[in-house]
Amino acid sequence: MASVVIVGTQWGDEGKGKIVDLLTQDADVIVRFQGGNNAGHTIMFDGKKFILHLIPSGIFHENKKCLIGNGVVIDPSVLLEEIDNLEKNGIPVKPGRLLISERAHLIMPYHKAIDHGREAKRGKTKIGTTGRGIGPCYEDKIARRGIKVGDLLDEALFREKLSEILEEKNFYLEKYLSCEPLSFDEIFDAYLRMGERLAPYVTNVSVELEIARGQGAKILFEGAQGTQLDIDHGTYPFVTSSNTVAGGACHGAGVGPTTIDFVMGICKAYTTRVGGGPFPTELSDEIGLHMREKGAEFGSTTGRPRRCGWLDGVVLKEAVRLNGLSGLAITKLDVLSGLNPLKVCVAYELDGKRLEVIPGNIKEFSSLKPIYEELPGWQEDISQVKDIGELPENCKNYLRFIEDFAGVPIDIVSLGPVRDQTIVLRNPFKGS
Ligand code: IMP
C-alpha cells in the first residue's frame, strides 16, 4: 500500500506514537496533517529521551522526509526548539528532510493568552485545553484573519496583518478577559526572526506529496488526538479544534481521498481521556487506578493524569464508521493482565432506552449509562509474548471479541512501550 493514514479511535493517547514509529520503518514520507503542539509523544533514541510535539518521529531515520501539512497549526517557537534540540543531539534537521507548508497557520502569542484567559474565565465549565492556543488559532483561520507560515516571509504583509489583528485581540484580552495587552513590536520582531529561520523549510506540501507519490514513495499520514476529539464528530464542545478523523489527512495535507489506500485505527485495550467532558465508561475506583499506574497514564504534553475506564465498543464502532477503518492496532493490552472480569461497553442506556450510537446532544451524552458485556480476564504477564498463538486463551478471546464487535481486523497488537513488544499480523505497507 502506498498511502496509510493512522488515526486514534478514542480520545487521543491511544499509543499512536509507537505504531507510527513502527510503520515509519517502511515509509518514505511521514506527514502531520492536523493539530499542533497539543499532541506529543516520547521517543527513545540512542538511549536519549525526546519529546516531539510537531516534528514527525520519522526525523530519527536518515532517509525519510517529514512533512508538516497545511492543516497543522504551528507555534514557531516550539518548532524551532524541537529543531535545535534534535540538532544539538546529533540528529540533523536539514531543509529537504523537514518540509513545512506555507499554508499552515501560526499560533501567535495572543492565541495562547486567549486560550488561558478563556479557560480561567470559564471556571467549572472549562474544556481543559492544553493551553497551547490551538482553538483560538483555528478560530482565526476559519474567520479568515489568521497568519500563515508563508506570511512571515513577506515583511510588509506580515506587518499589515499583525497590526490589524492585534488591535482587536488586545481589545478582547483587556476588556473581556481582563488580561494584559501584548506588544506589537515584540511579536513582530520575534516572529520575523523566527520566519527567517524557518524560511528554508517552507514549501507547498501538497505538491511535494504529488511528486513523492509519482516516485512511488510510501506515505504515512500521522494523525494526532483521536476520533472523539474531532471538531465535527467528537463530543463537542469537549473536543479539539481540528478534524482528527482520517478525512482530515486529505484537506490537511492537500491530497485527494482516492490517494489513500489504508486507514489504521489505533485503539487502546481500555479507554483514557484528559481534560473535561463526558466519559461513560470512566472508573473512579481501584480498577481505574490500576490502569493509570500500570499504563503510566499521564499526558506527555501537559503531564496531567489521564482519566481511565473500560473499553467503549460504541466509541470504537463510531471510529470504524467515521474513519472508514481498514484495520486496527490494539495497544496496551498488557495493562489489563490481572483484572478479572473485564468489561466492554456494547451499548448505552438513556431514559430506559438502549442506544447503539453516540447521541449528538452533549447533555444526553453526559447522562448515558454504559451497558457492559463481561469477559473473563487473564493473570499472566503478556508483555514478552511474540506470537499471537501464545497469548492466554482469555486474552485471545478478548481480542476476538473486539474484532467481531468492530467488524474490522486486528492487524497489530502492542504489549508494551518498546518496539519489539509488538505482534504484527499484517503490515499495511507490505500487505502481510
Ligand atoms: P486543545 O486541543 O488544547 O484545544 O484541547 C481540547 C481538548 O482536547 C482537551 O480536552 C485536551 O485535553 C484534548 N487534547 C488535545 N490534544 C490532545 C492529545 O494529544 N491527547 C489527548 N487529549 C488531547
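The values are calculated or read from the model by the stated rules, or taken from the named source; none is laboratory data. These figures come from a predicted structure and were not determined experimentally. Virtual Cβ from ideal backbone geometry, glycine too; neighbours counted across all protein chains shown. Note: accessible area is taken over every heavy atom of the protein model, side chains too, but ligands, DNA and RNA are not part of it. Shrake-Rupley method; radii C 1.70, N 1.55, O 1.52, S 1.80 Å.
Listing for the model above:
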| quantity | calculated |
| --- | --- |
| Segment 17-91: relative contact order as a whole-number percent, Cα under 8 Å and 6+ apart | 34 |
| Relative contact order (%) - criterion: Cα under 8 Å, at least six apart; region: the chain | 21 |
| Euclidean distance between Cα centres, segment 232-268 to segment 89-136, Å | 19 |
| Accessible-area ranking of THR258, THR227, THR203, largest first, probe 1.4 Å | THR258, THR203, THR227 |
| Accessible area in square angstrom per residue, the chain, 1.4 angstrom probe | 42 |
| Residues listed by number, segment 402-432, amide nitrogen under 13 Å from GLU62 label point at 7 Å toward C-beta | none |
| Of all accessible heavy-atom area on the chain, the percent that carbon and sulfur account for (1.4 Å) | 50 |
| For segment 140-166 and segment 398-431, distance of Cα centres in Å | 44 |
| Cβ-defined net charge surrounding GLY377, 12 Å radius [Lys, Arg +1; Asp, Glu -1] | -2 |
| Exposure ranking of SER337, SER206 by accessible area [1.4 Å probe, largest first] | SER206, SER337 |
| Mean-position separation - Cα centroids, segment 322-338 and segment 194-220, in angstrom | 31 |
| Local electrostatic count at VAL239 - Lys and Arg +1, Asp and Glu -1, tallied over other residues with Cβ under 9 Å | -2 |
| Solvent-accessible surface ranking, highest first, for MET44, MET194, MET1, MET108 at 1.4 angstrom | MET44, MET1, MET194, MET108 |
| Calculated diffusion of segment 1-63, Stokes-Einstein form, Kirkwood radius summed over Cα pairs, 25 °C and 0.890 mPa s, µm²/s | 196 |
| Normalised contact order of segment 309-382, rounded percent, pairs of Cα under 8 Å and 6 or more residues apart | 40 |
| Ellipticity estimate at 222 nm from DSSP helix runs (n ≥ 4, -39,500 (n - 2.57)) divided over the chain, nearest 500 | -9000 deg cm²/dmol |
| Segment 257-394: Lys pairs at Cα distance under 22 angstrom, eight or more positions apart or on different chains | 20 |
| Cα coordinate range in the chain, projected on the principal axes (Å, largest first) | 66, 51, 40 |
| Computed log₁₀ I(q)/I(0) - Debye formula, equal Cα scatterers, no solvent, segment 267-424, q 0.08, 0.17, 0.18 Å⁻¹ | -0.23, -1.07, -1.20 |
